[in-house]
Amino acid sequence: MSKGLFKISPGFEDVMPAEYKELVNNGPYGKDLGVSDLGTFKELIEEHPLCAGCAEALALRLILASLPNSEDTVIVGSTGCSSLLFPQVAVQNIHSLFGNQNAVATGLKRALRLRFPDKVKDVLVIAGDGATVDIGLDMVMQSWFRRELITTIMLDNEVYANTGGQESGMSPQGAVLHMAPLGKKFPKVNLPEIAREAGCAYVATISPALPRRLGKVVRRAILVAREIGPSYVQIFCPCPTNFKWPSAQVLQKIRDRQKEGIFKVREYVSPEAEAYLAGLEVVKQHDEEQ
Amino acid sequence: MYVTVKVEVEKCNGCKLCVLSCPDPNVLAYKQEEKHVVVNEHRCKGCGLCATVCPEEALTVSGN
Ligand SMILES: Cc1ncc(C[n+]2csc(CCOP(=O)(O)OP(=O)(O)O)c2C)c(N)n1
Ligand code: SF4
Ligand code: SF4
Ligand code: SF4
């Protein structure tokens, strides 16, 4: 999208909805804003129907605030709690059939490169753990094997939340859920390790309990996928509703899990991606601010 | 029921942890000139996360 496109045409100021005017005047399009600036600008997301205290909603809000090029980004989503939020997002987005997100993103990225060879167009996949590690794993891994230049973000809420609480590949061992009363018999899938082995040039695990670091990780992942290779970010955002936690405690629960070593913050950067990132001013500037 | 978020402005140190921890957008904002956080209660779902993360105990959420 050209930066001029979202500007209101002269003479139409009166008839444009107040929300749109607010976004054009005070939103992040065309500005270099990030997570640290939240609370000072109009966000790319409106009110959404996700549960009170949802860690996935918090993760999504932080992701949207850290996009390096929001007006030229397309997000491919999948069915799940996050898909209820996308109708309220002011970034171009596509809803794909459950599990197909990386195949759709591949086609889209290739088409955008043909259609706009001189422009940077970021394609981002954002999907739940069920869509990524279970039903969509085939498409996810094949996109990595082919070295598609897309960023895959998994919202790891450790459950199929949107369908009432079945266990997913990312539910922790022993987890008893609404629709998995016997407790999960296998440990969490180690998808970050698989991603690295499958050819991702940048892999990171992070949680919204570290908001600034989450912003930095998402930005780095998107930049690496522009030039170097596929990138993968796994965001630990367990579902308070399905785990029956008081909503106010979700960040503390995340920190507890981190202390117990069950969840670890990790970053893998291939040597080529490292060299590329080191040469980018935009990353340096943001890293210094954090 | 309506949610109320009370900000004790004199306690706020401007760390913005509450702003960065709220799962809902455009609810909390930091007012640079006044040097404290403000709340748009119409958009708040009352989850209480902001009060939990505030190091100064400047926020009270009630009426969820
Ligand atoms: C092809 C297809 N299979 C199954 C479903 C049913 N379905 C809807 S949401 C969902 C679970 C999503 O779980 P996850 O990806 O972990 O996201 P969450 O809801 O936890 O955020 C399923 C199985 C569907 N919509 N489409
Ligand atoms: S069910 Fe869980 S993941 Fe889904 S919106 Fe509610 S808190 Fe978020
Ligand atoms: S109670 Fe929850 S929704 Fe309301 S301002 Fe605090 S963190 Fe945001
Ligand atoms: S967390 Fe507390 S001290 Fe920090 S900005 Fe918010 S209200 Fe102020």
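Counting only aspartates and glutamates at least 8 places from A:Lys264 when in the same chain, those with an alpha carbon closer than 14 Å to its own are A:Asp156, A:Glu193, A:Asp256.
Highest mobility in the GNM of chain A, judged by mean-square fluctuation with C-alpha springs under 10 Å and restricted to A:Arg115, A:Arg226, A:Arg212, is found for A:Arg115.
Heavy-atom accessible surface of A:Phe186, to the nearest 10 Å², is about 130 Å², with a 1.4 Å probe and all protein chains retained.
If only the Cβ of Lys and Arg carry +1 and only the Cβ of Asp and Glu carry -1, the dipole of the protein assembly as shown around its Cα centre is close to 580 debye. Taking the charge dipole of chain A about its Cα centre, with +1 at Lys and Arg Cβ atoms and -1 at Asp and Glu Cβ atoms, the residue from A:Asn25, A:His95, A:Pro181 reaching farthest to the positive side is A:Pro181. A simple charge model with +1 on the Cβ of Lys and Arg, -1 on the Cβ of Asp and Glu and nothing else charged puts the dipole of chain B at about 160 debye relative to its Cα centre. Computed about its Cα centre, the charge dipole of region A:136-290 is approximately 460 debye, with only Lys, Arg, Asp and Glu carrying charge at their Cβ. Helix A:101-115 and the longest principal axis of the Cα set of chain A meet at an angle near 20°.
How big is the gap, in Å, between the Cα center of chain B and the Cα center of region A:97-153? Their Cα centres are 37 Å away from one another. Annotation: lysines with alpha-carbon distance below 18 angstrom to A:Lys21 (same-chain offsets under eight excluded): A:Lys3, A:Lys7, A:Lys31, A:Lys42. Which of the lysines could a cross-linker span from A:Lys259 if the Cα-Cα distance has to be under 21 Å and same-chain partners fewer than 8 positions apart are dropped? Within the straight-line limit of under 21 Å, A:Lys259 reaches these lysines: A:Lys188, A:Lys244. The helix-only estimate of mean residue ellipticity at 222 nm for chain A, built from DSSP H runs of length n ≥ 4 each weighted as -39500 (n - 2.57), is -10000 deg cm²/dmol after division by the residue total. Between A:Met170, A:Ile45, A:Ile126, whose Cα lies farthest towards the positive end of the dipole of the protein assembly as shown when Lys and Arg beta carbons carry +1 and Asp and Glu beta carbons carry -1, centred on the Cα centre? Final value for the positive-end residue is A:Met170. Relative to the longest principal axis of the Cα atoms of chain A, the long axis of helix A:250-259 lies at roughly 60 degrees. For A:Gln252, the shell of other residues with beta-carbons less than 14 Å away shows a net charge of +2, using +1 for Lys and Arg and -1 for Asp and Glu. Taking 0.36 nm per residue of separation and subtracting the Cα-Cα distance, full extension of the segment from A:Arg147 to A:Glu19 would add 42.2 nm. Near A:Gly39, no amide H atom lies under 5 Å from its own; only residues 5 or more places off or on other chains count, and H is placed 1.01 Å from N.
The values are calculated or read from the model by the stated rules, or taken from the named source; none is laboratory data. The structure displayed is predicted, hence computed values, not measured ones. Note that we place each Cβ from the backbone using ideal geometry, even for glycine, and neighbour counts take in every protein chain shown. Quick note on the areas: whole protein, heavy atoms, side chains included, nothing else; ligands and nucleic acids left out. Shrake-Rupley method; radii C 1.70, N 1.55, O 1.52, S 1.80 Å.
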